[in-house]
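**Student:** There's a structure below that I have some questions on.
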Amino acid sequence: MTATGAAVPFGIDFGGTGIKGAPVDLEKGDFAAERVRIDTPQPSTPEAVAEVFVQLLSSFPDSEGAVGVTVPAIVRHGVVHSAANIDQHWIGEDADKLFTDATGRDVHVVNDADAAGLAEVRYGAAKGRAGLVLVTTLGTGIGSALVYNGVLVPNSELGHIEIDGHDAESRAASSAREREDLSWEHWAKRLTTYYRKLELLFSPDLFVVGGGVSKKAEKFLPLIDIETEIVPAQLLNAAGIVGAALYATESND
């Protein structure tokens with residue numbers, strides 16, 4: 001419990017190789033204690049992952065609030081509907097119920113990019129910005145989050161928009177730049193094509209670019225030729241955990 005008596009929420013970022021968690025201070029939008037990381041079990045079945053969550057939470061007995069969990073998948077009403085980088089047994093799993101039963105805590109699951117988007121709008125690069133904010137995470141694929149006046153429109157999956165006969169992320173993700181050994185300039189041309197398509201479809205007020213490569217934003221963001229303002233994410237590796245805790249807490253309001 002905090003000094004004011006409020007229960008401290010907890011965020012968990014569940015990925016293909018690691019599961020990271022920390023209690024979250026929602027006033028500051030940051031970890032309330034040092035983050036803990038545990039390797040993702042192999043195979044990463046729902047039951048095996050639930051056991052890791054129990055282990056994680058036991059390390060933080062003072063965190064008694066809601067628990068938010070990011071997953072790299074489509075999530076509708078707590079049920080997982082895809083499994084690109086996790087075990088196929090997740091498809092159709094009611095993850096909210098599974099984790100709530102396993103941990104004895106109130107758990108809410110959210111898509112990983114959606115969690116990052118919420119965090120950037122509330123605490124990061126899009127704080128205080130009205131209208132439609134479109135957050136993209138450039139990594140192995142392209143994750144996306146649509147947030148309108150602070151309200152999340154979940155599961156946008158805009159990395160899979162078709163451009164010139166290709167799945168957009170197959171040519172514009174950070175992994176494509178590395179795989180094809182593209183120069184920053186060449187990659188920025190592909191990103192220009194991608195973001196122009198998103199401009200045409202959504203007319204956003206702001207783009208926020210996350211993912212690990214956003215740490216090198218100065219190398220490529222100025223080269224992207226679009227009309228909409230585009231800025232790098234600020235929360236970086238904290239975004240998923242912070243956004244998950246925020247999502248879980250507000251799901252109970």
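The values are calculated or read from the model by the stated rules, or taken from the named source; none is laboratory data. Not measured: the values here are computed from a predicted model. Here Cβ is always computed from backbone atoms with ideal geometry, including for glycine, and neighbour counts include all displayed protein chains. These accessible areas exclude ligands, DNA and RNA; they are computed on the full protein's heavy atoms, side chains included. Shrake-Rupley method; radii C 1.70, N 1.55, O 1.52, S 1.80 Å.
**Student:** From zero up to wherever the largest Cα-Cα distance of segment 7-119 sits, split into 5 Å bins and tell me the percent of pairs in each.
**Tutor:** Answer for segment 7-119: a P(r) of 2, 12, 25, 28, 20, 10, 2, 0 percent.
**Student:** Determine how large the accessible area of Ser82 is when every protein chain is in place; take a 1.4 Å probe and give Å² rounded to the nearest 10.
**Tutor:** 30 Å²
**Student:** At 222 nm, what helix-only mean residue ellipticity would the chain give, in deg cm²/dmol to the nearest 500, using -39500 (n - 2.57) for each DSSP H run of four or more?
**Tutor:** The helix-only estimate for the chain comes to -9000 deg cm²/dmol at 222 nm.
**Student:** Okay, next question. Could you work out how far apart the two model spin labels at Arg196 and Val153 are, taking each label as a point 7 Å from the Cα in the direction of the beta carbon, and quote it in nm?
**Tutor:** Each label point lies 7 Å from its Cα, and together they span 2.3 nm.
**Student:** Spin-label point model (7 Å from Cα, Cβ direction): what's the His77 to Glu34 distance in nm?
**Tutor:** It is 4.3 nm.
**Student:** Pairs Lys20/Lys215; Lys197/Lys219; Lys127/Lys216; Lys28/Lys189: which exceed 25 Å Cα-Cα?
**Tutor:** Too far apart for the 25 Å limit: Lys28/Lys189.
**Student:** Separate question: Per residue of segment 163-174, in order, report the coupling 6.51 cos²θ - 1.76 cosθ + 1.60 (Karplus, θ = phi - 60°) as ³J(HN,Hα) in whole Hz, putting x for Gly and Pro.
**Tutor:** Taking θ as phi minus 60°, the curve returns 10, 6, x, 10, 5, 3, 5, 5, 10, 10, 5, 4 Hz for segment 163-174.
**Student:** Let me ask something additional. How large is ³J(HN,Hα) for each residue in segment 135-147, as worked out from phi by the Karplus curve 6.51 cos²θ - 1.76 cosθ + 1.60 (θ = phi - 60°), to whole Hz, x for Gly and Pro?
**Tutor:** Working through the residues one at a time gives 9, 10, 10, 9, x, 4, x, 10, x, 8, 9, 9, 10 Hz.
**Student:** Can you pull the Kirkwood radius for segment 147-253, inverse mean 1/r over Cα pairs, to one decimal in Å?
**Tutor:** 15.2 Å
**Student:** Next question. Please tell me the relative contact order of segment 137-253 in percent, rounded to the nearest whole number, where contacts are Cα pairs under 8 Å and at least six residues apart.
**Tutor:** 22 percent
**Student:** Once each part is reduced to its C-alpha centroid, what is the distance from segment 185-253 to segment 24-52 in angstrom?
**Tutor:** 24 Å
**Student:** Can you pull the semi-axes for the chain, root of five times each eigenvalue of the Cα gyration tensor, sorted largest first, whole Å?
**Tutor:** 31, 20, 16
**Student:** Per-residue accessible area for His160 at 1.4 Å probe radius, Å² rounded to 10?
**Tutor:** The accessible area of His160 comes to roughly 100 Å².
**Student:** List the residues whose amide H sits under 5 Å from the amide H of Gln234, counting only those 5 or more places along or on another chain, with H placed 1.01 Å from N in the peptide plane.
**Tutor:** Residues meeting the criterion, in which the H sits 1.01 Å from N, are Ala125.
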